[in-house]
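Worksheet: one structure, shown below.
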Amino acid sequence: MKPLSKLHAEAVAKAKTDVIRMARGACDADKVDAWHNGFWTLTQEELEKFAALVAAAEREACAKLCDGWTQADGDRCAEAIRARKELK
């Protein structure tokens with residue numbers, strides 16, 4: 001396996017931290033901690049909320065890549081990506 005560059009390794013660590021933050025944010029803080037004995041325990045509702053948080057973060061990351069892009073109508077692309085949150 002090819003070693004990761006320092007920048008890539010930092011990005012992977014940040015992404016992992018962000019995913020864990022989103023998982024904790026999706027869980028009901030009044031219940032038992034969702035991370036217990038090395039396992040995550042989430043209800044169906046919490047899992048759906050977590051999935052929505054991850055999808056929203058990914059949409060925004062993709063849209064930011066398009067913002068201000070002058071080729072291929074980047075601003076319209078960013079708007080279309082952000083509009084996907086309305087799809088159910």
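The values are calculated or read from the model by the stated rules, or taken from the named source; none is laboratory data. Source: prediction; values computed, not measured. Counting neighbours? That spans all protein chains shown, and the Cβs are built from the backbone with ideal geometry, glycine included.
Couple of notes before you dig in:
- Taken over region 23-74, the criterion of being among the aromatic types (F, W, Y), more than 20 Å from E86 (Cα to Cα) and modelled with pLDDT of 85 or more is satisfied by F39, W40.
- Within region 53-88, considering residues that are in a helix (DSSP H, G or I) and basic (K, R), the one farthest from the chain's Cα centre (by Cα): R76
- Test: residue in region 29-45 that is assigned to a helix (DSSP H, G or I) and either of a type outside the set (K, R) or touching a helix residue (DSSP H, G or I) at 6+ places or on another chain (Cβ under 6 Å) (or both): yes
- For region 8-21, taking the residues that are modelled with pLDDT of 80 or more and among the small types (G, A, S), the one that is surrounded by the fewest Cβ atoms within 10 Å (Cβ to Cβ) is identified as A13.
- Contact map, region 22-49: first residue surrounded by 10 or more Cβ atoms within 10 Å (Cβ to Cβ), second residue basic (K, R), Cβ cut-off under 6 Å, separation 6 or more or different chains; pairs are A26/K49.
- Beta carbons closer than 7 Å, at least 6 apart along the sequence or on distinct chains, pair a first residue in region 56-71 that is surrounded by 12 or more Cβ atoms within 10 Å (Cβ to Cβ) with a second that is of a type in the set (D, E) and modelled with pLDDT of 85 or more for A57/D18.
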